[in-house]
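Trainee: Below you'll find the structure I mean.
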Amino acid sequence: QVRLVESGGGLVQAGGSLRLSCAPSARTFTMYAMGWFRRAPGQERELVAAIGWKGDSTHYTDSVKGRFTISRDNVKNIIYLQMNSLKPEDTAVYFCAAANVAADPRTAGAYSIWGQGTQVTVSS
């Protein structure tokens, strides 16, 4: 079974940066739109950022615009989430996911393949 594997989470002080990476355990997702989600304690999972399969279209939730950047390297088959100016409210488990072909990656319902998640904790 194909899995997505996230890495790069950790503990950082407010104002700091982290870069998350996501790679599939098998097969390639270069033709799929990809997204990063997060789930904070007691909250619903939310779509943070999404990127088209070519990497030329991106989407961000309002709370991270200007601070987070999603990108992909289709040669290495890795998706990144660069997170700058982190805030305590960014604390969550972050998941990467692959969107269904032809689905709108700006919608949470478009995704059907998920990673296990990586914890990001931002201290104040």
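The values are calculated or read from the model by the stated rules, or taken from the named source; none is laboratory data. Predicted model only: the values in this text are computed from it and were never measured. Using ideal geometry, Cβ is built from the backbone for each residue, glycine included, and neighbour counts are taken over all protein chains shown. Ligands, DNA and RNA are excluded from the accessible area calculation, which covers all protein heavy atoms including side chains. Shrake-Rupley method; radii C 1.70, N 1.55, O 1.52, S 1.80 Å.
Trainee: Within the stretch 40-124, which GluC sites (Glu not before Pro) sit in a loop by DSSP and count at most 12 neighbouring Cβ atoms inside 10 Å? Don't skip to the answer; put the middle values down first.
Mentor: Numbers: sites: 44, 46, 89; in loops: 44.
Here the GluC sites (Glu not before Pro) that fit, given the DSSP loop and packing criteria, are 44.
Trainee: Can you give me the relative contact order of the stretch 30-94 as a percent, contacts being Cα pairs under 8 Å and 6 or more apart? Don't skip to the answer; put the middle values down first.
Mentor: Numbers: 99 pairs, mean separation 20.0, N = 65.
Once divided by the residue count of the stretch 30-94, the mean separation gives 31 percent.
Trainee: Roughly how many Å is it from the Cα centre of the stretch 1-33 to that of the stretch 95-123, as a whole number?
Mentor: 10 Å
Trainee: Where does the Debye-calculated log10 I(q)/I(0) of the stretch 15-71 sit at q = 0.24 Å⁻¹, using only Cα point scatterers of equal weight, no solvent?
Mentor: -1.12
Trainee: If you don't mind, another one. Taking the chain as a Gaussian network, where each spring joins two C-alpha atoms under 10 Å apart, which residue of 81, 11, 47 fluctuates the most?
Mentor: So, out of 81, 11, 47, the one fluctuating most is 11.
Trainee: Could I ask something else about it? Could you do me a favour and compute the accessible area per residue for the chain, 1.4 Å probe, result in Å²? Please report the intermediate quantities before stating the final value.
Mentor: Values: 6400 Å² over 124 residues.
Heavy-atom accessible area per residue stands at 52 Å².
Trainee: Got a sec? Which residues in the stretch 27-70 would a label at residue 17 touch, if it sits 7 Å along Cα→Cβ and we count backbone N under 13 Å?
Mentor: Output list for this probe position: 67-70.
Trainee: At a Cα cut-off below 29 Å, give the lysines reachable from residue 76, other chains included and same-chain residues fewer than 8 away excluded.
Mentor: Within reach: 54, 65.
Trainee: Residues with beta-carbon under 14 Å from that of residue 49, excluding residue 49: net charge, scoring Lys, Arg +1 and Asp, Glu -1? It would help to have the intermediate numbers written out before the result.
Mentor: Working: positive: 19, 38, 45, 65, 67, 72, 106; negative: 6, 46, 62, 90.
Computed value for this residue: +3.
Trainee: Moving to a separate point now. Could you check how much of the accessible area of the chain is carbon and sulfur, as a whole percent, using a 1.4 Å probe?
Mentor: Details: 3070 of 6400 Å².
On the chain, the fraction of accessible area on carbon and sulfur atoms equals 48 percent.
Trainee: In addition: Compute the orientation-averaged projected area for the chain from the convex hull of its Cα atoms and round it to one decimal in nm².
Mentor: Values: hull surface 28.2 nm².
So the mean shadow area of the Cα hull is 7.0 nm².
Trainee: Pull out the extension gain between residue 61 and residue 28, defined as 0.36 nm times the separation in residues minus the alpha carbon to alpha carbon distance; nm, one decimal. Could the numbers behind the result be given before it?
Mentor: Values: separation 33, 0.36 × 33 = 11.88 nm, distance 2.62 nm.
Taking 0.36 nm per residue and subtracting the Cα distance, the gain is 9.3 nm.
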